[in-house]
Amino acid sequence: MNNKNDNCAANPTCKKYSIAITSFVMGEDIGMPKEELFEHLKHCKTCQKDLVDWRDTHKVMQMEAEAKTPAFKQNIADMARQIKHEIAPPMPDAISIVKIGNAAGTLWHCLGENGPLPLTALPEVCKLDPPTTKDALVWLLSEKKLDLDEKKRPNIVSLTPEEQNLYFEETGKFGQIEG
Amino acid sequence: MPDKTSTDEQLILLASSGNEAAINALLMHFFNPLRFYILKNKWCFDPILIQEIIHQTILNVLRAIKSGRFKPIAFGLFKSYLFQTCQNTCFEILEKEKAAPKPGTDCFPKETVGLPEALVWSRDTDYFDYDDKRHKLAKALPTLTVEQQRLIELRKQGVHYSDMKNDPILGKYTIDSLREMMYIIKCKIRNTNDTNENE
């Protein structure tokens, strides 16, 4: 039973090309030489629009069908898990106070030796991994042994003047750091 | 799973706080529209690279929300931010991979040069395209006849017209009638009134 919805070609000539376009997009035999269709497409804006519209609709149809497959859902679930870990890294199941204390000592010596350092450079200069560096920083900051210049990006970290003097006294290295 | 009544904004905020179910729901909703957007703009055809782009896009957007650089006060705003981020991320990744598309024929895979694909390529791809088409399909497909639905089903499985001879429903049709039937389906989908309540 045909009704007005069953025809979407602009004119009768275009109908056979519109049928061919439908098959062309789907990778089927188009029932006419390809050259004939391409030649018509060069001049007919309506059929060009038809081609774009049906190509997109067909692609959406394929993607929607794919989205219902278990493989697709599994892929999305894996991606979600990965993104979750990247946004909020999981909490460690144990922490070592000795390890953090030792790292705080390393960081204190490193800052005494090198003077003020950008926050982002600390792991590399002090040879500590970033999470441990963060723990050690918090330790030293809570003991008021560090100054943090928050106006600069990245923030600049240094020992407080008292701690810097203490470092010089302990190591006997005087006058190496100016200011 | 997040509560069914939770709004899109709540879903986005949940996802940005690292809720796996919310991230999953967000990906289920946006993976295909983003993939379609990248493909339609012909920025990239490599499925692995496309997946990497989408992964990085979602990550960038959620990090921006988490850090307060972007506030998703409306879902429409979120969508436009997401697709703009997708475009930026796409070019960043392609630049790293040395695969950024250049103007001219480099925009097309070699095999499409000279084909209608090159004639109809347009830069102004709207990111609402996917949802518009999806809603039209959802409305039109249930109105098809049994034969038409069977034809769609077989085509989704990749069965060609010439291999439908043994099908109990479509076996009686010639290839020409199947072509015509698919044309009618296309017209039905196109002529379906699209009223998208979600936008």
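The values are calculated or read from the model by the stated rules, or taken from the named source; none is laboratory data. This is a predicted model, so every value here is computed, not measured. Every residue, glycine among them, receives a Cβ derived from its backbone with ideal geometry; neighbour counts consider all protein chains shown.
Condition (residue is in contact with a strand residue (DSSP E or B) (Cβ under 8 Å, 6 or more places away or on another chain) and β-branched (Val, Ile, Thr)) applied to the stretch A:119-126: is it met by at least one residue?
yes
Picking from B:Leu94, B:Leu82, which residue would you name as being buried (at least 16 other Cβ atoms within 10 Å of the Cβ) and at pLDDT 90 or above?
B:Leu82
Listed residues B:Leu141, B:Leu137, B:Leu170; which is touching a Leu at 6+ places or on another chain (Cβ under 7 Å), at pLDDT below 90 and outside the structural domain of B:Leu59 (by TED's automatic domain parsing)?
B:Leu170
Quick one: would you say A:His85 is in a helix (DSSP H, G or I) and either in contact with a strand residue (DSSP E or B) (Cβ under 6 Å, 6 or more places away or on another chain) or in contact (Cβ under 8 Å) with a residue 12 or more places away in the chain (or both)?
no
Mind listing whichever residues of the stretch A:131-144 are polar (S, T, N, Q) and surrounded by 14 or more Cβ atoms within 10 Å (Cβ to Cβ)? Even if it seems obvious, please write down each step before you answer.
Taking the stretch A:131-144 and keeping what is polar (S, T, N, Q), we get A:132-133, A:142.
Listed by number, the residues that qualify are A:Thr132, A:Thr133.
Which numbered condition in (1) over 24 Å from A:Glu66 (Cβ atoms); (2) more than 11 Å from every other protein chain (Cβ to nearest Cβ); (3) modelled with pLDDT under 85 is the only one that B:Leu13 fails?
All conditions pass for B:Leu13, except number (3).
Listed residues B:Ile23, B:Ile58, B:Ile73; which is over 23 Å from A:Lys59 (Cα atoms), of a type in the set (Val, Ile, Thr) and facing chain A (nearest Cβ under 10 Å)?
Result: B:Ile23 is the single residue among B:Ile23, B:Ile58, B:Ile73 that is over 23 Å from A:Lys59 (Cα atoms), of a type in the set (Val, Ile, Thr) and facing chain A (nearest Cβ under 10 Å).
Please tell me if A:Val25 is on the phi < 0 side of the Ramachandran plot, in contact with a Lys or Arg (Cβ under 7 Å, 6 or more places away or on another chain) and more than 8 Å from chain B (Cβ to nearest Cβ). Give the derivation first.
Numbers: on the phi < 0 side of the Ramachandran plot: yes; in contact with a Lys or Arg (Cβ under 7 Å, 6 or more places away or on another chain): yes; more than 8 Å from chain B (Cβ to nearest Cβ): yes.
When the stated conditions are applied, A:Val25 passes them.
As an exercise: evaluate A:Leu128 against (1) within 14 Å of chain B (Cβ to nearest Cβ); (2) surrounded by 15 or more Cβ atoms within 10 Å (Cβ to Cβ); (3) in a loop (DSSP other than H, G, I, E, B) and give the number of the one condition it does not meet.
Every listed condition holds for A:Leu128 apart from (1).
What's the number of the only condition in (1) more than 10 Å from chain B (Cβ to nearest Cβ); (2) part of a helix (DSSP H, G or I) that A:Ala94 fails to meet?
It fails just one condition, (2).
Of the residues A:Asp93, A:Asp149, only one is under 32 Å from the mean Cα position of the chain (by Cα) and within 30 Å of B:Ile23 (Cβ to Cβ); which?
A:Asp93
List the residue pairs whose Cβ atoms are under 8 Å apart, where the first residue sits in the stretch A:1-23 and is under 18 Å from A:Cys44 (Cα atoms), the second is modelled with pLDDT under 65 and of a type outside the set (S, T, N, Q), and the two are 6 or more positions apart or on different chains.
Between residues of the stretch A:1-23 that are under 18 Å from A:Cys44 (Cα atoms) and residues that are modelled with pLDDT under 65 and of a type outside the set (S, T, N, Q), the close pairs are A:Lys15/A:Ala9; A:Tyr17/A:Ala9; A:Ser18/A:Ala9.
At least 2 residues that are without any contact (Cβ under 8 Å) to a residue 24 or more places away in the chain and under 18 Å from B:Phe128 (Cβ atoms) in each: list the helices (runs of 4 or more DSSP H) lying fully within the stretch B:1-80 that qualify. Spell out the reasoning first.
Values: elements: B:8-16, B:20-40, B:47-67.
It comes to B:20-40.
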